[in-house]
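Structure first, commentary second.
The values are calculated or read from the model by the stated rules, or taken from the named source; none is laboratory data. In this text, all values refer to a predicted model and were calculated from it rather than measured experimentally. Quick reminder, even Gly has a Cβ in these numbers, built from the backbone with ideal geometry, and neighbours come from all protein chains shown.
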Amino acid sequence: MPSLLQNIWNDFLGKLSGLGPKLITAAIILVVGFIIIRILVHLIERFFDRVNFERSAETFIENIARVALWGILLIIILGNLGVNVSGLIAGLGIMGFIVGFALKDALGNLASGVFILFHKPFKVGDWINIGGVVGGVERVGIAACVLKSPDNVKITIPNSKIWGDVIQNYTGNPTRKIFNLEVGISYNSNIDKAIKIIQKILKKDKRVLKDPEPQVVTKSLGDSSVNIAVRPAVNKEDYWNLYFDLVKTIKQEFDKNGIEIPFPQRDVWIKEMAKGRKRKK
């Protein structure tokens, strides 16, 4: 029995001595790889700090990079020790394909989230329109974004739908132009007088920007009215308050100055039947 144990021990020492150089090499690879991984992760952190990435997305990407790098390092070490890693690599590839297929929607949202966070088409606090969904941005996440609608409804939109659609950012620029304000006056009213009244209102309001100069133009001839377009530029935070105030003030000034805002109307012409028409017997 002692001789058997002695043989097993000697055999173990023999194999261990044969692996000695490989173990030393593996230890060196581990240390060097650890240092390289630390450097690469640090470079990723510095890059994200420069582009002002969202913290949750930054942490997620750093963790993915760290796991991938450690996986590569482990495969290199096992290969150096004589382990056949081709089967392991093939197995990881198949498993990755299966997982990727099963989580394709989730991974699509994550990829779109990275693009959104990198390109920054909007940020928290912006007022946006995505495929007809309008609201203020409350959170920009790695998988989804959260909006708050004008009537205070919380809306969660997957990032893949956001990145694949048209994004309108109403507050992306510091200033906006009121573009959809039109005033209709009757055909009997004086157009030049109406335009001068509106121009005077705009000139008195300090919220209206001087550059670019406000536009007050005759836009179209409608069925019941002559339509005047009012297009002043304004700081984005004053947009809606100015819009509503202009509607009210224009109506009040038109009333004072006898400018009529007509109701929809239609002229009806009655053709008199010819006299002396023979009656049917």
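Checked across region 169-186, the condition of being farther than 25 Å from D245 by Cα and either at pLDDT 90 or above or over 31 Å from the mean Cα position of the chain (by Cα) (or both) holds for no residue. The set of residues in region 202-236 being of a type outside the set (K, R) and under 21 Å from F263 (Cβ atoms) consists of T218, S220, L221, G222, D223, S224, S225, V226, N227, I228, A229, V230.
The residues of region 211-220 that are surrounded by fewer than 18 Cβ atoms within 10 Å (Cβ to Cβ) and either of a type in the set (V, I, T) or not in a strand (DSSP E or B) (or both), listed by number, are D211, P212, E213, V217, T218. Just one of the listed residues (I197, I201, I228) is at pLDDT 95 or above and more than 29 Å from W127 (Cα to Cα), namely I197.
The helices (runs of 4 or more DSSP H) found wholly in region 1-114 and carrying at least 1 residues that are farther than 26 Å from I162 by Cα, touching a helix residue (DSSP H, G or I) at 6+ places or on another chain (Cβ under 9 Å) and modelled with pLDDT under 70 occupy 2-51, 86-102.
The set of residues in region 170-189 that are among the aromatic types (F, W, Y) and either over 9 Å from V226 (Cα atoms) or surrounded by 14 or more Cβ atoms within 10 Å (Cβ to Cβ) (or both) comprises Y170, F179. Test G164 against the criterion of being exposed (fewer than 15 other Cβ atoms within 10 Å of the Cβ), touching an Asp or Glu at 6+ places or on another chain (Cβ under 6 Å) and either modelled with pLDDT of 95 or more or not assigned by TED's automatic domain parsing to the domain that holds V226 (or both), and give yes or no. For G164, the condition - exposed (fewer than 15 other Cβ atoms within 10 Å of the Cβ), touching an Asp or Glu at 6+ places or on another chain (Cβ under 6 Å) and either modelled with pLDDT of 95 or more or not assigned by TED's automatic domain parsing to the domain that holds V226 (or both) - is not met.
No other residue among D151, D211 is free of Cβ contacts under 8 Å to residues at least 12 places away in the same chain and out of contact with any Gly (no Cβ under 7 Å at 6 or more places or on another chain) apart from D151.
Let's see how each residue does on (1) surrounded by 16 or more Cβ atoms within 10 Å (Cβ to Cβ); (2) within 30 Å of the chain's Cα centre (by Cα); (3) under 27 Å from I128 (Cα atoms):
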| residue | (1), (2), (3) |
| --- | --- |
| A194 | yes, no, no |
| I197 | yes, no, no |
| K200 | no, no, no |
| L209 | yes, yes, yes |
| D223 | no, no, no |
| W240 | no, yes, yes |
| D245 | no, no, yes |
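Summed over region 182-199, residues that are assigned to a helix (DSSP H, G or I), in contact (Cβ under 8 Å) with a residue 12 or more places away in the chain and closer than 17 Å to T249 by Cβ total 6.
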